[in-house]
Amino acid sequence: MGAMCTVLLGGCAKPTAAIAPSDPPPPPLAQPLPPRSPTPASPQPIASITTTAANLCEPDVAPLLRTAGDLTAHAPASPRESPGFRGRLRTHTEGGLTLGSARTWVGPVVPGYVPLMIDTAELFLLERDGETYVALYRDPYGAGSCELSTPANCRFVVRGFQDCEPTYTLELAAFMSRPTHLEIQDLRVMDGVVYFNEACQSYAKDAGGRCSALVAVDARSGTLRWRTRNLVSNNRFLLVGAYIIAGYGFTDERDALHLVRRTDGAVVHRTKLPTAHEDLVIGDDGVLEVALATSGSRRFVLRGFDTRKPTLVPAQAAQAQSD
């Protein structure tokens, strides 16, 4: 049976309660969040808004500056220092992952009612599922749950927020298949379901091949929906309609892309890659571009994603078929 989550029923917390005890007092100004739009909004001017319990519960207000633990968040967020570098972990922070290393928030602006820390875990990713903000928190190495030199899994926590109230909290250790050799390298949310990959920390052989499954958890009930077989997903993945585009690969291991059905976790299509993927991006033309970890990329046309037999067709072959 899947483990049950802790569902929070309390009202909107006061701003000081939403910030770790080590935080400095909240700043006197707040920044309006950009309009909710599928296209990037123009930079918004800094507005002189007094930070109060009332306006920090408004969905379009965020403090100009917050710090918690080793994390600093500005509104608007800081730009990435190395925008071309992706790495294995998908994260909205920049900096080292060990306790005491300065980290800067480079993701979407964090609403004032979303805390930067839960206990020892720092904000790592911020997603949207409709009107719900979904935050992933991670323990830094050395914070208590994990060390860089040992295989113990770090603590990962997911919390949802809607209308300024926390709506659910998931301790992801309850859904991970083992307490060692796993780390979450990406997390996405759609229609109230949290998807994450319990990726191998290093070589799959170190975990006996028991790693890099893709996991789906019902956020509201806190129950496990499904887990794929191992070696299906590490690095980044994408949610596309009824399917998930995931990839697995590492040094001297088999590299491939997988199409996973969202309803039950079945792998319905597999295509080989020359090396592990680093990123997956669907362009304006609808073509999937797969950035490879070594260098270069591969492009695929998405076919049959509105059917039960979707496929990824190499773009060059798709072009030849249409000629």
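The values are calculated or read from the model by the stated rules, or taken from the named source; none is laboratory data. Nothing here was measured: the structure is a model prediction, and the numbers come from that model. Positions of Cβ are generated from backbone atoms using ideal geometry, with glycine treated the same way; all protein chains shown enter the neighbour counts. Side chains are part of the model used for accessible areas, which takes the heavy atoms of the whole protein and leaves out ligands, DNA and RNA. Shrake-Rupley method; radii C 1.70, N 1.55, O 1.52, S 1.80 Å.
Quick notes
- Looking across region 187-229, just one residue is within 15 Å of Arg90 (Cα to Cα), touching a His at 6+ places or on another chain (Cβ under 7 Å) and either open to solvent by less than 10 Å² (accessible area, probe 1.4 Å) or not in a loop (DSSP other than H, G, I, E, B) (or both), and that is Cys200.
- Tally, over region 133-186, of residues that are acidic (Asp, Glu), open to solvent by less than 10 Å² (accessible area, probe 1.4 Å) and in contact with a Gly (Cβ under 8 Å, 6 or more places away or on another chain): 0
- Residue check for Thr307: loosely packed, with under 12 Cβ neighbours inside 10 Å, free of Cβ contacts under 8 Å to residues at least 24 places away in the same chain, closer than 18 Å to Ile244 by Cβ and over 21 Å from the mean Cα position of the chain (by Cα): yes
- Members of region 243-264 found to be of a type outside the set (D, E, K, R) and either within 15 Å of Leu312 (Cβ to Cβ) or open to solvent by less than 10 Å² (accessible area, probe 1.4 Å) (or both), listed by number: Tyr243, Ile244, Ile245, Ala246, Gly247, Tyr248, Gly249, Ala256, Leu257, His258, Leu259, Val260
- Candidate set from region 92-108 (those that are touching a residue at least 40 places away in the same chain (Cβ under 8 Å) and over 19 Å from Asp186 (Cα atoms)); member that is surrounded by the most Cβ atoms within 10 Å (Cβ to Cβ): Leu99
- Conditions (1) in a loop (DSSP other than H, G, I, E, B); (2) within 20 Å of Val290 (Cβ to Cβ); (3) open to solvent by 40 Å² or more (accessible area, probe 1.4 Å); number of the one not met by Val232: (3)
- Restricting attention to region 206-235, the residues that are farther than 20 Å from His269 by Cα, among the charged types (D, E, K, R) and in contact with a strand residue (DSSP E or B) (Cβ under 8 Å, 6 or more places away or on another chain) total 4.
- Any pair with Cβ under 6 angstrom, 6 or more apart, that starts in region 150-170 at a residue that is at positive phi and ends at one that is surrounded by 16 or more Cβ atoms within 10 Å (Cβ to Cβ): Cys164/Cys12; Cys164/Cys57; Cys164/Tyr113
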